[in-house]
Amino acid sequence: MELFKLAPNGGFTDEDLPVKPQQRGEQHILASINGKSCPPFWTATKINLFCISQWKVLAPVLSVATERQYNHDFELGRILPFTKRYEAEGDRGAFGQVHKYEIHPDHLVDAEHRVRYQYVAVKGIQPRNEQDRQAMIRGWEHEASILQKMNALRQEHIVRFLTAFRHGDKGREDHYLMFEWADGGNLLNLWKVNRRQTPRLVRAAIEQLLGLASALCHAHCPETGPKFRHGDLKPANILWFKDNDKLGTLKIADWGLAKGHNVATELRTNKTSTEYGTRRYEPPEEETGEGFVVWLLYGPIELRRFNSNIRSEYSESPPFYQTTTNSQGTKVARVHDAAVQWMDHMAKDPRCQTGQTAIGSLLELVRTRLLVVKLPRRLGTSQDLSGSSPTWLSQPSRPSGAHIGIRTPPSTAADLLFPPRQDIPGVVLHHAEQDESPPLPESLRPLSPESIQGMGDLKSGQGGHGRALSDELLRSIEDIFLEADADHHHYWLPDTPGQLALPPGPDGAVGDDGLEEAEDAPQRGTQSSGFSKRLPSSTAGGLTVPQHERIDYGSAELDNTWARLVENRFAAEAMASTKTRFGPEPTATSKLCQVCQAFRNGLWQPAFSRTYELSYLEAAAQANSCDLCGLFWRSCQRLAITQVSTVLLEREGSFLKMNSMTEPALSILRSPDLNTSIDGSIQVGFPNTTDGLHADMMQFEMIRNWLSHCDEHHTCHPQTAPNHLPTRLIAVGGPSDPEVRLVETGATSLPLKSPPRWLALSHQWGPPPHFMTTPATLASHRREIPLSALPGTFRDAVRVARGLGCPYLWIDSLCIVQGPGGDFNSEAKRMEQVYSGAWCVLAVSMEGEGGDGEGFLYDGTEAGGGGGSRRKRKGADYVAMRQEGALGQFYICEGVDDFGGHVLEGELSRRGWVLQERALARRTVFFTGWQMYWECGIGVRCETGFILMDARQGEKILRCQDLFKRYSRLALTNTYDRPLAIDGLQSRILSALSSSGGFGVLDEGDRKRGLLRRSLLWYRDPGTPRLQRIVFPAHRAISAVPSWSWMAYTGGIDYITPDFNHVEWADVQSPWSGGSDPAGNNALVAEANEYDASRAKLGEAMLIFDIPEQASPTGTCVVLGKHKGSLLRSYVLLVREKGHRDQDGRKIFERVGAGYLPPSRCVGGQTEKVAIY
């Protein structure tokens, strides 16, 4: 301590902590206080030890989020100021766990509220797997930014956000959000409380509804900044803060799906999207409004029974709408019959007199203006589009509003409902039409309800008023609240001599119906489609349910979207290789205005966003005064968003979105040496990588890198047997040879020491004449084919083969003898061998590609060297920048990574053979007008470095698993209906994924093995004590389900989710891939091994048996896949022999569980092919 006192400027104090590590060439602060001690006390070793150890005792002081600061970053070793964590107090969502923590009051400073917090809620944002980490970081940034803006609204009925923080090593941090702790839980917990009915309780409940409505309106129309829609408002997301003497306070939480928009909804023509959060597409105001009415009148038990009455037998949450299809094929919607009967019954209750009692007026509001199907005339926000402040902000409050201090903005009440589902009316609330508003341009006018994508021909089954406008809703609740004085007890709850008998339940009884699953069970994902729904019968006076009505909920929405993944290890290596061969990267520009300089310097902040005036961007672009403004303006023109006054730019990972559009408008790329706080989230790469003088050589180098990486890290490369060669190949010769020639692979003169490599060309033939091999030209083509005689596309294919060092090339028109006397019929049967055996396929997908003459390679010169093409590349528009004092640079560039538009919807894909060629090819390079794309088994790579992954391979698999998990937890009257009740939805899923399958198992075939293996990796949910095998009656449509399907059992399931792209899947033959009939032969055929789990170290193994009594550390397993890389893990099915053999002599086994094991120690012994039934 004496040494610390010797430090300059009055000694070493707490203000000097934390101490930064030693920097080369600088004297460390600790070295400066050695004094005259000899030898020096503070050596380099001790300084380094101090820097590491200081975090063990240095707890930070956190500050509550403000407009300028809302996140903290802490090193892995640093302790946090929490004194206790409470288990099982929080809620687990799809992507995170909430825990209650006790915090040291002096280590959380709330300068605005002056509150000393003892307990806080901490939400850990957890990725489901490594691939999900990028989406998790985007979700954390987004939610933290939204929460900070919610704090700025200063609304009592919005949960207060305290702070966000990251904890851990750079690039591997854990991400957290902190809130005030709700000691009562959520609204569902309040509804479980059996409170005595009093006027005071009714008044307090309606006052809380009014507060919630006001908070939402302020989120919709804040004084400044974007307007927000919550996106997932439901009772579970309305938190309850208790009060000993009163009802307490209800606050809106979980803003993770909130969307910020700086333009009115009616001006946004793009589809909205949600990411990294729960989804429940059901308007909630009827659940909140009618739920409160039932709870206030009858208490928690009858509220539970009400939810049971209207809940589908196969759904987790109460659906308030039903849709049926009439004889004309039109979907007709109506309010759920049971909900209507409950409201009719409650309307007869003396406590529900409309206009005379508060509960009666609330019920009337629910049944006439909330729980209705009819759509309003306009779809979107009707608000002044001029950019001026909303009129309600400048107008004096109504006298009644002033009485309780609540402003009433005329914003939409869309947050009092969920994003419209595909199976219910697209119900959206709007405020009133303003006749004086100028008409919108035709291109921006809202769509009619009939034309909304995904809604089909959905019609309302009821007339009358449409759903309430938001200002009408808020004013209606306000009028209910202010109708009587606080002492007018009869208005709040009249004294009645008695009350009506409760509505009878499904079995005619009154009271609790013994529901197996509470209505507050966790609600995850979209509600399943195609289920049977229980409906009331026509029996008078009751809610009996004697029959089932099949209701069409529409197809599951599994859009063909592409996830963009950042992948920097390979990109950095490829970038270094290209830079070494072909010169330095583009030079950073310095022509930026002051606004864009601030944009550049703040870009790496979490959830960074900036709003530009469109007029400012246009002026700067026309004057050529700022490169970045020019890029933004051209992007607005390209995306047709120039008719609004402002544009909101938001960074989401390595992308910039404009005005909250679904697809990114711009990409962010960086050089490998750029050092930012979020390096792992920004893609390494160049814009226009293969442009310039050496364009063709750079293209070859990029393809070489792709091939080499795939050969080293994947299993996509072909393994061709000598007897599976194409009949003919083109020998491309050396780099300067003026000709090529056709060779017969069966000829003894062909020098084939091992199966040769060849490239296969996939192209459009175009109009005749075609250059091809015929019986008349076959002999001459064997001798030579002059390179100059070949069409441009063929010449370029030869150049690629030579550039890659591949000796052979296959082109259909040359390698198959065409015309009369040719061998097309026999050769067409060998297409599978040609494309699946090719080292790589070259696919030419050029815009306007009218034939083979134009070529597909790009050259920096006007004419292609070596007789190649003369195409001009459509380069990406970009700006190169460097932050002040930074070493590396980065690029804001036009988003050109569009595999769907450039390839799947391109010219080549219109050719009939291409679907088969793409399906058979193991690796393909697509040449488009914008860039090259690489496709192999792990996904699609772009020249920019991004990996594009079809949602089928990632998100769609997880969505399907979520649907199956939710369905498995539901109760059925007859357990043997488990496979049949989901059959319609399963058919839609199989159609959406273009896959085969059944019994809850999906199979895309051998090329994309993951879907089948992942479908088989289900296991008994920890909340299910045991799975019970179902006995299927012989007379049922489905009378047998194999043991490897979860449909063979009762009970909930979950899935093991290995990281995408990191598993080498094993050979498994399913009933579909094996060509057998699933109805008659339900066998999985695979190789089985012995296992011994007792050899695994702690944390290395997980085995979950379907029936715990059958658990054993040793037995037989089938390895479905092995993790590639440092994680040593085999994913296994646990099986048990049944004691007999099938018709092919294979031993018959049945499934008993699933899990994973370390392969080297725990899996081995003799391998045997078995059949699993």
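The values are calculated or read from the model by the stated rules, or taken from the named source; none is laboratory data. Remember, predicted model here, so these are calculated numbers, not experimental data. All Cβ positions, glycine included, derive from the backbone under ideal geometry; neighbour counts span all protein chains shown. To get the accessible areas, we keep the full protein, side chains included, count just its heavy atoms, and leave off ligands, DNA and RNA. Shrake-Rupley method; radii C 1.70, N 1.55, O 1.52, S 1.80 Å.
With respect to (1) at pLDDT 85 or above; (2) surrounded by 13 or more Cβ atoms within 10 Å (Cβ to Cβ), the lone exception for residue 84 is condition (2).
For the stretch 1152-1160, state whether one or more residues are among the small types (Gly, Ala, Ser), on the phi < 0 side of the Ramachandran plot, outside any helix (DSSP H, G or I) and touching a helix residue (DSSP H, G or I) at 6+ places or on another chain (Cβ under 6 Å). No, every residue in the stretch 1152-1160 fails to be among the small types (Gly, Ala, Ser), on the phi < 0 side of the Ramachandran plot, outside any helix (DSSP H, G or I) and touching a helix residue (DSSP H, G or I) at 6+ places or on another chain (Cβ under 6 Å). Residue 1118 meets each of the listed conditions (1) touching a residue at least 40 places away in the same chain (Cβ under 8 Å); (2) assigned to a loop (DSSP other than H, G, I, E, B) apart from (2). So in the stretch 1142-1151, with the set limited to residues that are part of a strand (DSSP E or B) and of a type outside the set (Lys, Arg), which one is farthest from residue 1043 (Cα to Cα)? Ranking the qualifying residues of the stretch 1142-1151, first place goes to 1148. Picking from residues in the stretch 573-597 that are modelled with pLDDT of 85 or more and open to solvent by less than 50 Å² (accessible area, probe 1.4 Å), the one that is farthest from residue 947 (Cα to Cα) is 593.
Listed by position, the strands (runs of 3 or more DSSP E) inside the stretch 217-257 whose residues that are of a type in the set (A, V, I, L, M) number at least 2 are 238-241, 249-252. So which of 672, 687 ends up being in contact with a Phe, Trp or Tyr (Cβ under 7 Å, 6 or more places away or on another chain) and modelled with pLDDT under 90? Result: 687 is the single residue among 672, 687 that is in contact with a Phe, Trp or Tyr (Cβ under 7 Å, 6 or more places away or on another chain) and modelled with pLDDT under 90. What number of residues within the stretch 762-789 satisfy the criterion of being open to solvent by less than 60 Å² (accessible area, probe 1.4 Å), hydrophobic (A, V, I, L, M, F, W, C) and out of contact with any helix residue (DSSP H, G or I) (no Cβ under 7 Å at 6 or more places or on another chain)? Residues that pass the stated criteria total 4. Kindly check whether there is at least one residue in the stretch 1059-1080 that is in contact with a Phe, Trp or Tyr (Cβ under 6 Å, 6 or more places away or on another chain) and either under 20 Å from residue 975 (Cβ atoms) or hydrophobic (A, V, I, L, M, F, W, C) (or both). No; the residues of the stretch 1059-1080 include none that is in contact with a Phe, Trp or Tyr (Cβ under 6 Å, 6 or more places away or on another chain) and either under 20 Å from residue 975 (Cβ atoms) or hydrophobic (A, V, I, L, M, F, W, C) (or both). Inclusion of residue 563 among residues that are in contact with a helix residue (DSSP H, G or I) (Cβ under 7 Å, 6 or more places away or on another chain), within 23 Å of residue 260 (Cα to Cα) and at pLDDT 60 or above is warranted. In the stretch 917-940, the residues that are surrounded by fewer than 22 Cβ atoms within 10 Å (Cβ to Cβ) reach residues that are of a type in the set (Lys, Arg) and modelled with pLDDT under 85 with C-beta atoms within less than 6 angstrom, at least six apart or across chains, in these pairs: 929/874; 930/874. In this structure, residue 295 does not satisfy being over 20 Å from residue 196 (Cα atoms), aromatic (Phe, Trp, Tyr) and at pLDDT 85 or above. Can you tell me which condition residue 1087 does not meet? The list is (1) in contact with an Asp or Glu (Cβ under 6 Å, 6 or more places away or on another chain); (2) over 20 Å from residue 986 (Cα atoms); (3) assigned to a strand (DSSP E or B); (4) charged (D, E, K, R), and all the others hold. Single failed check for residue 1087: (1). Residues of the stretch 732-764 being within 24 Å of residue 922 (Cβ to Cβ), part of a loop (DSSP other than H, G, I, E, B) and either modelled with pLDDT under 90 or among the hydrophobic types (A, V, I, L, M, F, W, C) (or both), which ones? Hits for the stretch 732-764 are 732, 745, 746, 750, 752, 753, 754, 755, 756, 763, 764. Tell me yes or no: at least one residue of the stretch 628-641 is of a type in the set (Phe, Trp, Tyr) and more than 17 Å from residue 875 (Cβ to Cβ). For the stretch 628-641, residues of a type in the set (Phe, Trp, Tyr) and more than 17 Å from residue 875 (Cβ to Cβ): present.
For residue 190, state whether it is more than 19 Å from residue 650 (Cβ to Cβ) and outside any loop (DSSP other than H, G, I, E, B).
The answer is yes for residue 190.
Taken over the stretch 642-654, the criterion of being assigned to a loop (DSSP other than H, G, I, E, B), open to solvent by 10 Å² or more (accessible area, probe 1.4 Å) and in contact (Cβ under 8 Å) with a residue 60 or more places away in the chain is satisfied by 643, 644, 645. For the stretch 655-668, filtered to residues that are among the polar types (S, T, N, Q) and more than 11 Å from residue 614 (Cβ to Cβ), the residue that is surrounded by the most Cβ atoms within 10 Å (Cβ to Cβ) is 667. For residue 278, the conditions (1) modelled with pLDDT under 70; (2) surrounded by fewer than 22 Cβ atoms within 10 Å (Cβ to Cβ); (3) polar (S, T, N, Q) are fulfilled apart from (2). Of the residues examined, residue 184 is one that is surrounded by fewer than 22 Cβ atoms within 10 Å (Cβ to Cβ), modelled with pLDDT of 85 or more and part of a loop (DSSP other than H, G, I, E, B). Among the residues of the stretch 214-258, none is identified as of a type in the set (Asp, Glu), modelled with pLDDT of 85 or more and open to solvent by less than 10 Å² (accessible area, probe 1.4 Å).
Within the stretch 607-619, the only residue that satisfies the criterion of being open to solvent by 70 Å² or more (accessible area, probe 1.4 Å) and of a type in the set (Gly, Ala, Ser) is 615.
For the stretch 1059-1073, filtered to residues that are part of a loop (DSSP other than H, G, I, E, B) and open to solvent by 60 Å² or more (accessible area, probe 1.4 Å), the residue that is modelled with the lowest pLDDT is 1073. Restricting attention to the stretch 620-641, the residues that are hydrophobic (A, V, I, L, M, F, W, C), in a helix (DSSP H, G or I) and open to solvent by less than 60 Å² (accessible area, probe 1.4 Å) add up to 8.
It is to be established whether one or more residues within the stretch 165-181 are assigned to a loop (DSSP other than H, G, I, E, B), charged (D, E, K, R) and under 20 Å from residue 294 (Cα atoms). Scanning the stretch 165-181, I find no residue that is assigned to a loop (DSSP other than H, G, I, E, B), charged (D, E, K, R) and under 20 Å from residue 294 (Cα atoms), so the answer is no.
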